[in-house]
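Below is one structure; the comments refer to it alone.
Throughout, read-outs are computed from the coordinates displayed, never taken from laboratory work. Fair warning: this is a prediction, and the values are worked out from it, not measured in the lab. Cβ placement follows ideal geometry from the backbone for every residue including glycine, while neighbour counts extend to all protein chains displayed.
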Amino acid sequence: ARREPRMSERKQPEGDDEDSERFEEFLESFNQLELLETHRHLIPVGTPSGWSGQSDDEEDEEQERSEEWYEMQEKRMEKNPEKLLLWAAENNRLSTVKRLLSEKLAPVNARDEDQYTPLHRAAYSGHLDIAHELVAQGADVHAQTVDGWTPLHSACKWNNTNVAAFLLQQGADINAQTNGLLTPLHIAAGNKNSRETLELLLMNRYVKADLKNNLDETALDIARRTDVYHYLFEIVEDCINAVSP
């Protein structure tokens with residue numbers, strides 16, 4: 001198989017011994033790590049480096065840069081407080097959420113283009129403290145996106161059980177259906193990482209496991225089809241059998 005020749009194997013121009021000697025000297029003194037350090041600014045952002053080592057000091061510095069990056073993002077969005085609130089809820093910036101709400105700079109039920117609220121974003125990101133603060137400030141636990149998803153659907157999609165439990169405590173509808181008639185139980189039933197959330201939902205006395213989506217499937221049908229934790233539905237076996245033909 002053909003391969004690209006190494007730099008030292010490439011043929012040099014004939015008749016120029018001085019250039020050849022300089023080329024050989026360059027090869028002997030060439031240091032990739034040194035070049036990386038001196039020309040790092042020429043490497044496009046996102047380009048992977050061949051250097052994988054990282055000292056503790058570098059890791060600490062990266063964490064500091066990360067915090068600086070968050071602060072920089074917040075400054076950029078200060079003139080758009082609703083956008084900032086949505087972003088802060090998703091990125092677990094509790095102090096920013098509290099400030100925006102206490103100073104009444106943004107409504108607690110602000111919406112993005114898909115009608116997600118800050119509570120939706122906190123729910124799918126698993127930020128329980130943010131969810132607590134939003135609900136305490138009047139966030140709507142029944143708010144729906146353009147697809148009919150509630151914050152509880154969002155929490156169940158990503159197996160954020162603590163947030164889901166909190167939303168249920170705050171009166172979220174466990175049987176709320178999306179535009180496609182999916183309940184939170186349907187959503188959790190198709191998730192391979194949803195055992196804790198499925199147990200939470202199935203042990204709730206108000207869950208209606210027999211509800212069907214627009215494909216005429218129950219949550220158990222989805223669990224059986226995807227072979228994910230279908231045995232957990234034995235918890236509500238009596239309910240399922242009652243509606244079976």
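Taking loop as defined by DSSP and a crowding limit of 12 other beta carbons within 10 Å, which trypsin sites (Lys or Arg not before Pro) in the stretch 137-245 fit? Mind dumping the intermediate values first?
Values: sites: LYS157, LYS192, ARG195, ARG205, LYS208, LYS212, ARG224, ARG225; in loops: LYS192, ARG205, LYS208, LYS212.
Counting only loop positions with at most 12 other Cβ atoms within 10 Å, the trypsin sites (Lys or Arg not before Pro) in the stretch 137-245 are LYS192, ARG205.
Compute the Cα gyration tensor for the stretch 125-245, then decide on rounded, prolate or oblate, letting a ≥ b ≥ c be the square roots of its eigenvalues: rounded whenever a/c is under 1.5, prolate when a/b is larger than b/c in the other cases, and oblate in all that remain.
prolate
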For LEU181, net neighbour charge (Lys/Arg +1, Asp/Glu -1) across residues whose Cβ lies under 15 Å away: -4
Whether the stretch 53-204 is rounded, prolate or oblate, judged on the alpha carbon gyration tensor where a/c under 1.5 counts as rounded: oblate
Charge context of ALA165, other residues only, Cβ under 11 angstrom, K/R +1, D/E -1: -2
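How much length would be gained if the chain were fully extended between GLU82 and ASN193, taking 0.36 nm per residue of separation minus their Cα-Cα distance, in nm to one decimal? Walk me through the intermediate numbers first.
Values: separation 111, 0.36 × 111 = 39.96 nm, distance 3.22 nm.
Extending this stretch completely gives an extra 36.7 nm.
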Centroid-to-centroid separation of the stretch 68-146 and the stretch 160-221 [C-alpha atoms, Å]: 24 Å
Cα gyration tensor, the stretch 174-245 - rounded (a/c under 1.5), prolate or oblate: rounded
Nearby lysines by direct alpha-carbon distance to LYS212 (threshold 30 angstrom, same-chain neighbours under 8 apart not counted): LYS157, LYS192
Label point distance in nm, GLN137-GLU68, each placed 7 Å from Cα along Cα→Cβ: 2.8 nm
Set of lysines near LYS75 by C-alpha distance (under 27 Å), chain-local residues within fewer than 8 positions excluded: LYS83, LYS98, LYS104
Rounded to the nearest 20 debye, dipole of the stretch 74-173 from Cβ charges on Lys, Arg, Asp, Glu: 340 debye
Test item: Cα-centred dipole of the stretch 174-245, Lys/Arg +1 and Asp/Glu -1 on Cβ, debye: 180 debye
